[in-house]
Amino acid sequence: MRSTQGFTLMELLIVVAVIGILAAIAVPGYNDYVTRSKIAEATSALSDGRVKMEQFFQDNRTYAGGPVPTATTYFTYARSNDTATTYTLTATGQGSMAAYTYTINQNNEKRTTAAPSARSQAMPNTL
């Protein structure tokens with residue numbers, strides 16, 4: 001009797017096919033998960049920036065010249081519409097998040113002013 005060791009080519013091809021199918025399902029889901037975590041960075045910084053603007057207003061009775069959140073890895077922040085009674089904080093994506101822009105103003109109105117069209121169906125407005 002002859003003893004065989006190892007795997008046949010057919011068994012290896014089946015394993016490779018199964019791994020390929022699992023990867024095809026898992027990788028897009030993982031990429032969406034990573035993108036959502038990056039979006040949370042922007043929305044959190046905008047909310048924190050709004051609190052700081054309100055504190056600035058309490059101290060100075062004006063929003064003009066208030067603080068701007070510090071740039072993060074995937075977003076830059078800016079203040080616009082800056083008067084004594086109004087402001088708008090904007091988070092603009094950079095790099096892999098370049099298609100995303102979020103804003104918040106003194107009335108706590110939150111907006112997504114730009115988002116990738118291909119993902120807009122799969123990624124709801126998280127702000």
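The values are calculated or read from the model by the stated rules, or taken from the named source; none is laboratory data. What you are looking at is a predicted structure, and each value in this text was computed from that prediction instead of being measured. Cβ sites come from the backbone with ideal geometry, for glycine too, and all protein chains shown count toward neighbours.
Which residues, taken from region 71-93, are touching a residue at least 12 places away in the same chain (Cβ under 8 Å), out of contact with any Ser or Thr (no Cβ under 6 Å at 6 or more places or on another chain) and farther than 14 Å from residue 43 by Cβ?
In the first step, residues of region 71-93 are kept if they are touching a residue at least 12 places away in the same chain (Cβ under 8 Å); the result is 72-79, 81-93.
Right, trim to out of contact with any Ser or Thr (no Cβ under 6 Å at 6 or more places or on another chain) and you get 72-75, 77, 79, 82-83, 85-87, 89, 91, 93.
The answer is 73, 79, 82, 83, 85, 86, 87.
Could you look through region 1-58, keep only residues that are of a type in the set (Ser, Thr, Tyr) and in contact with a strand residue (DSSP E or B) (Cβ under 9 Å, 6 or more places away or on another chain), and pick out the one that is nearest to residue 72 (Cα to Cα)?
Filtering region 1-58 for residues of a type in the set (Ser, Thr, Tyr) gives 3-4, 8, 30, 33, 35, 37, 43-44, 47.
Within this subset, residues satisfying the condition of being in contact with a strand residue (DSSP E or B) (Cβ under 9 Å, 6 or more places away or on another chain) are 43, 47.
Values: 43: 12, 47: 14 Å.
Across region 1-58, the extreme among qualifying residues is 43.
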- Of all residues in region 1-47, which are charged (D, E, K, R) and either touching a residue at least 24 places away in the same chain (Cβ under 8 Å) or surrounded by 11 or more Cβ atoms within 10 Å (Cβ to Cβ) (or both)? 32, 36, 38, 41
- Query: What number of residues within region 57-104 are part of a loop (DSSP other than H, G, I, E, B) and among the polar types (S, T, N, Q)?
  - Reply: 9
- Item | Residue match in region 17-36 (condition: in a helix (DSSP H, G or I) and polar (S, T, N, Q)) | yes
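Here is a yes/no grid of residues against (1) within 19 Å of residue 34 (Cα to Cα); (2) within 17 Å of the chain's Cα centre (by Cα):
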| residue | (1), (2) |
| --- | --- |
| 48 | no, yes |
| 52 | no, no |
| 62 | no, no |
| 66 | no, no |
| 89 | no, yes |
| 98 | yes, yes |
- Task: For region 107-127, indicate whether the set of residues that are part of a loop (DSSP other than H, G, I, E, B), at pLDDT below 75 and under 19 Å from residue 53 (Cβ atoms) is non-empty.
- Result: yes
